Structure formats: C-alpha cells, structure tokens
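First up is the structure itself, then whatever we jot down about it.
The values are calculated or read from the model by the stated rules, or taken from the named source; none is laboratory data. Fair warning: this is a prediction, and the values are worked out from it, not measured in the lab. Here the Cβ positions follow ideal geometry from the backbone for every residue, glycine too, while neighbour counts run over all protein chains shown. Only protein heavy atoms, including side chains, enter the accessible area calculation; ligands, DNA and RNA are left aside. Shrake-Rupley method; radii C 1.70, N 1.55, O 1.52, S 1.80 Å.
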Amino acid sequence: GEDVEQSLFLSVREGDSSVINCTYTDSSSTYLYWYKQEPGAGLQLLTYIFSNMDMKQDQRLTVLLNKKDKHLSLRIADTQTGDSAIYFCAERGLTGGGNKLTFGTGTQLKVEL
Amino acid sequence: DTAVSQTPKYLVTQMGNDKSIKCEQNLGHDTMYWYKQDSKKFLKIMFSYNNKELIINETVPNRFSPKSPDKAHLNLHINSLELGDSAVYFCASSHLNLGGGNSPLHFGNGTRLTVT
C-alpha cells in the first residue's frame, strides 16, 4: 500500500527558514503536493511538484524531491507567525486510476517570536 | 464565491442516531471526495465519485453511505452512529485524474462530528 510519513512537530524562530520533510513508499507517484491546514479550516494547496522534477520554487516556498530515496521536503524562507499551521504532504499514485491522494501524517509548524 | 461548501460545520449527536453531511462545489469539477480526519489529524480517504459514479471506496463500514445526486453534490449519510465516528469530515473536489493527471483537490472547511 501507500504510506506517507512526516515528523510531527517543528519549531522555528520568526525570520528563520523552516524545512518540513516527508517520505513516501509508492513507486508509481506522479505528483506530490504540499497542503497547509490552519486551525478550524480546510486544507489549502500550497504547491506541487511533478515526479520527474527535482526542485520547484514558488516565492518563499522551495520543494525538493529525491525520487530515488522517495523523499520530499518543503522549505519556507523567512518564516512568519502566519505560517504556523499543520503542513501535509500528499502523493498521487496510480491507485484508483490516479484519483487517490494519500496524505502524510502532518507536521505541526510553530513559529516563535 | 467559488468554493467547496459543507454543512453543517458542527454536528453533535448521540450514539445510535442517523445523520447526514452535505457537500456542494461550484468549481465545475466532476469528481468529489470524502476524507476523514481523526483526532491525531490523520487524513484518510473514504470515497470518491466521478459524475455520480463511485470510483474509490476504501474500507469503510457499511453504515457510511455516500450519495451523489449530480456531479456538484456529494452527501454523506451515516447510520447508527458510534463513538469512534467522532472526527472531522472533509469534502473535496477536483477534475478527474486519469493515470497521470494533475488536478489538485480543493477542500471544504470540514464538518466536526461529535458522537456522545
């Protein structure tokens, strides 16, 4: 089956960079995503990367993908208090015809002043 | 506003009751989903419908019955509610992804179900 793992907590100081890591097991992954969940809200898509790419940058966000090791990371530059949330990685494989998104366990990011 | 909207936002009920959660999207998507988020924030897919047809059905008790009257609506009916059903239920939608497509999921704000 598909497993996606993340570390549970990350604490950083405002202005520092945050790096959230994710590992997955599905060899058929086509796209990998990062979602943000603020308290009491749904999941908001932040960015995604195609499995044939190894890096994608989008303003303060940098996604790195090591397909060989099945390792995905999200770097947030100049982290702000508004970035405090739970971050989920998700992978889309070919299960369910490609419609199934499997989510990681989520990483709670806490930004301290 | 274009969005995925779920009702109700909060649902408190007693064990043994039957309840429904409604979901509607106006994004023009043809595929809708129900996800369950437990107390540890773990998200797991329950069902997916494409154009009113069931395409993903994970291991979910028969007490859960999704219904899709049209491609913009996917409702979730739960019979004989149990304590373990307490969770946040998220509806989502996307275009259909066939073997390599990339239509990201758009989520509703969730329905917090508490069974007492």
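Calculated accessible area for chain A comes out at 46 Å² per residue, all protein chains present (probe 1.4 Å; ligands, DNA, RNA ignored). Spacing of the modelled spin labels on A:HIS71 and B:ASP18, each 7 Å from Cα toward Cβ, amounts to 5.2 nm. Taking every protein chain into account, the accessible area of region B:1-50 amounts to 54 square angstrom per residue (probe 1.4 Å).
With a Cα cut-off of under 22 Å and a minimum spacing of 8 residues unless on different chains, the lysine pairs in chain B number 28.
For chain A, the gyration tensor built on C-alpha atoms gives a prolate shape. Its axis ratio a/c (a ≥ b ≥ c) is at least 1.5, and a/b is the larger of a/b and b/c. Note on chain A: lysine pairs with Cα distance below 22 Å, sequence gap of 8 or more or different chains, count 10. Note that region B:35-45 has calculated 3J(HN,Hα) couplings of 10, 10, 10, 7, 5, 8, 6, 6, 9, 9, 6 Hz, one per residue in order, obtained from phi through the Karplus relation 6.51 cos²θ - 1.76 cosθ + 1.60 (θ = phi - 60°); glycine and proline are x. In terms of the Cα gyration tensor, with a ≥ b ≥ c the square roots of its eigenvalues, is region B:56-116 rounded because a/c is under 1.5, prolate because a/b exceeds b/c, or oblate? Prolate shape, in that a/c is at least 1.5 and a/b is the bigger ratio. When peptides A:23-36, B:16-29, A:57-70 are sorted by average Cβ neighbour count within 10 Å, with the highest value leading, the order is A:23-36, B:16-29, A:57-70.
Across the accessible surface of chain B, with the other protein chains kept in place and a 1.4 Å probe, carbon and sulfur atoms take up 49 percent. For the B and A pair, go ahead and give the buried accessible area with a 1.4 Å probe, both sides summed, in Å² to 100. Counting both chains, the buried surface is close to 1900 Å².
On the beta carbon distance between B:LYS67 and A:ASP58, with R0 = 35 Å, the FRET formula returns roughly 0.40.
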